[in-house]
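See structure below.
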């Protein structure tokens, strides 16, 4: 007898702009991830926390009591009382990818099963009824460090299981590799993703495209899967969607574009834009597509022996929270253009630009290090 899926129980992944009860972060400290930049990255985290806590709780994972005290001493800003520290060791800070993938079951939702007197249904009904009292749940996907690229980081796969007693919510274990940055939902039955990532043989080589789509339907409760092609140059996640295109409403998508035809990202992002303009929602209606500029080449000579000459810098890696949008900027001429686009898209939220040039040396920025917990 297989366990019921989130979709069968009426759970779904809500859109990021739905009201949060909290944001989850994991305090940065790894010099392998941010060579010679850890203090700068920690300052970026403090800026993010300061922008978030007036609006929602921040759940912050720290390794130990010493780290907690050191961080507390630096949180001299309004709303710092909204920080909840959890002494739970982690290897790195990419909680978007290894952390809980939160789900909600609205009060109006109904369990999708019919019970009758047949004896063989009793076990199934009992299994489903045990979830009735919970509005919040989460998926615990397998995290294999983006296709087995970083062996040490695989230890963070344990974090969702370790959080179960803290969250006191049902934990679903789909049993396949998936990262939070690879999926983007509109809260109205659609998920957006990329072929480069989800169909990569370093993730789930045993699964066909159709089987992966069924997992998305079963565990996110979506009805339509939209596929883009490749991710941006320098992205070691194999094409995460959150550097390319993002839902900003059920009917509107913001898509990164590179204006310079000579730039390696130009044709990749033009392909994404062409595909998005042909896509429709669950009712067959086309989406409203808004373009977002790119920050050009961010990178250069590295001192960490990785010889990185192109980092995955994208303004699309913003994070939507209660009352605020945290937006990465990079000291580029397009910073202001990108902020202007986001401010027009989110008129009821304050858009805060944070210089993420030090952060992106770890191969991701704001959306990659945040994880939203929706309000029940």
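Could you tell me whether residue 78 is more than 30 Å from residue 312 (Cα to Cα), loosely packed, with under 15 Cβ neighbours inside 10 Å, in contact with a strand residue (DSSP E or B) (Cβ under 7 Å, 6 or more places away or on another chain) and in contact (Cβ under 8 Å) with a residue 12 or more places away in the chain?
no
Would you pick out the residues in the range 81-99 that are free of Cβ contacts under 8 Å to residues at least 60 places away in the same chain and either assigned to a strand (DSSP E or B) or surrounded by 15 or more Cβ atoms within 10 Å (Cβ to Cβ) (or both)?
If the condition is that a residue be free of Cβ contacts under 8 Å to residues at least 60 places away in the same chain and either assigned to a strand (DSSP E or B) or surrounded by 15 or more Cβ atoms within 10 Å (Cβ to Cβ) (or both), then 82, 83, 85, 87, 89 are the ones that fit.
Out of everything in the range 281-299 that is without any contact (Cβ under 8 Å) to a residue 12 or more places away in the chain and on the phi < 0 side of the Ramachandran plot, what residue ends up being surrounded by the fewest Cβ atoms within 10 Å (Cβ to Cβ)?
Here the answer is 283.
Quick one: which of 276, 269, 359, 345 is crowded, with 21+ Cβ neighbours inside 10 Å and out of contact with any helix residue (DSSP H, G or I) (no Cβ under 7 Å at 6 or more places or on another chain)?
269
Among the residues of the range 350-371, how many are within 16 Å of residue 27 (Cα to Cα) and assigned to a strand (DSSP E or B)?
Going through the range 350-371 one residue at a time, the tally reaches 1.
Would the range 33-41 turn up any residue that is crowded, with 18+ Cβ neighbours inside 10 Å, over 17 Å from residue 361 (Cα atoms) and touching a residue at least 40 places away in the same chain (Cβ under 8 Å)?
Scanning the range 33-41, I find no residue that is crowded, with 18+ Cβ neighbours inside 10 Å, over 17 Å from residue 361 (Cα atoms) and touching a residue at least 40 places away in the same chain (Cβ under 8 Å), so the answer is no.
Among the residues in the range 262-274, are any over 19 Å from residue 230 (Cβ atoms), assigned to a loop (DSSP other than H, G, I, E, B) and free of Cβ contacts under 8 Å to residues at least 60 places away in the same chain?
no
Can you find a residue in the range 311-327 that is part of a loop (DSSP other than H, G, I, E, B), at pLDDT below 95, within 23 Å of the chain's Cα centre (by Cα) and closer than 23 Å to residue 37 by Cα?
No, the range 311-327 contains no residue that is part of a loop (DSSP other than H, G, I, E, B), at pLDDT below 95, within 23 Å of the chain's Cα centre (by Cα) and closer than 23 Å to residue 37 by Cα.
Within the range 205-219, how many residues are closer than 18 Å to residue 2 by Cβ and in contact with a strand residue (DSSP E or B) (Cβ under 6 Å, 6 or more places away or on another chain)?
Here the count works out to 2.
Checking the structure you have, find out if any residue of the range 101-114 is under 17 Å from the mean Cα position of the chain (by Cα) and either at positive phi or at pLDDT below 95 (or both).
No, every residue in the range 101-114 fails to be under 17 Å from the mean Cα position of the chain (by Cα) and either at positive phi or at pLDDT below 95 (or both).
Here's a check for you: in the range 335-349, which residue that is assigned to a loop (DSSP other than H, G, I, E, B) and touching a strand residue (DSSP E or B) at 6+ places or on another chain (Cβ under 7 Å) is farthest from residue 324 (Cα to Cα)?
Among them, the one singled out is 346.
The values are calculated or read from the model by the stated rules, or taken from the named source; none is laboratory data. Note that the coordinates shown come from a computational prediction; the quantities given were computed from them, not determined experimentally. Virtual Cβ from ideal backbone geometry, glycine too; neighbours counted across all protein chains shown.
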